[in-house]
Amino acid sequence: MSVRRLASQQPANFAFSPDSLKAVKTWIAKFPDGRQQSAVIPLLWVVQKQEGWVSEPALRVVAETLNMPVIRVFEVATFYTMFMLEPVGSHALVQVCGTTPCMLRGANDLKALCQRKFGDREHLSADGKVYWQEVECLGACSNAPMVAINDYYYEDLTPESFETILDAFIAGKPPAPGSAIGRVASSPLGGATTLLDPTLYDGSAAKPIKLLPNAEPKAKPKAKKEPSE
């Protein structure tokens, strides 16, 4: 596992917005008395949705809210890679999947595009609009190569379609997520090739099951009466 540290530059303070505070109270209320600290992951996620990343002052506020040591909140935030520990792009957080299925289908070309547009290493772009990084498997292997941008997946990409999507985000006009080639969910390219006969799955071919004679449940034997004394 890679070493994850807090950003070298931190804001002076952090406070939950009114909407975030409502979410915080809702999450805490989901846990029984004495178990409120179990809400640490949801609260860190509320922080990230508000700020885009998790800062050191935010860790302290979460720790204070849940009455737990700051180091325990730090441990959670640095363990789970879904929490960003440095500022991200104002327009897009781009996570390029580089695991084997995506790599075999062209993920390296997507990474090269990010390097050309935003810089050689994974970081915030010069204009502050885009943060990009390579990540491990995002679970959409059948639609490789793919990326996650902010909260959504963009799949079946080519460098050309990926650049079009990035330019749309930079222009402040995020496109609809999903497959770049119109694939529905994880259906095969060109449409289904098996299970095409509706009778295979609509129940019309089902037949009632008859139990064999010896499969009938047997009656329980009656309890023997003890001879009277």
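Each reported figure results from applying straightforward, stated rules to the coordinates on display, with no laboratory input. What you are looking at is a predicted structure, and each value in this text was computed from that prediction instead of being measured. So basically every Cβ, Gly included, is an ideal-geometry build from the backbone, and we count neighbours across all protein chains shown.
Ordering LYS49, LYS173 from the fewest to the most neighbouring beta carbons within 10 Å gives LYS173, LYS49. Run a plain Debye calculation on segment 92-179 (Cα atoms as equal point scatterers, no solvent) and give log10 I(q)/I(0) at q = 0.25, 0.26 Å⁻¹, rounded to two decimals, same order as the q list. Reported log10 I(q)/I(0), two decimals: -1.36, -1.47. Rg of the Cα atoms in segment 79-132, relative to 2.2 N^0.38 Å, amounts to 1.18.
Scanning residues 5 or more positions from GLU86 or on other chains, those with amide H under 5 Å from its amide H are VAL54, with H placed 1.01 Å from N in the peptide plane. Measuring nothing but how far apart in sequence close Cα pairs (under 8 Å, 6+ apart) lie, relative to its length, segment 92-179 scores a relative contact order of 33 percent.
Global dimensions of segment 43-119 from alpha-carbon coordinates: Rg and Dmax equal 16.1, 47 Å.
Over all orientations, segment 18-79 has a Cα convex hull whose mean projected area works out to 3.9 square nanometres.
Residues HIS91, HIS123, arranged from fewest to most other Cβ atoms within 10 angstrom of their Cβ, appear as HIS123, HIS91. Between segment 55-105 and segment 147-190, what is the separation of their alpha carbon centroids in Å? After rounding, the separation between the Cα centres reads 24 Å.
Full extension of the segment from PHE31 to LEU200, taken as 0.36 nm per residue of separation minus the current Cα-Cα distance, would add 56.3 nm. Projection of the Cα convex hull of segment 153-203, averaged over all directions and equal to a quarter of that hull's surface, yields 4.7 nm².
Taking other C-beta atoms within 10 Å as the exposure proxy, CYS97, CYS141 rank CYS141, CYS97 from fewest upward. Dividing the alpha-carbon radius of gyration of the chain by the rule-of-thumb value 2.2 N^0.38 Å gives 1.57.
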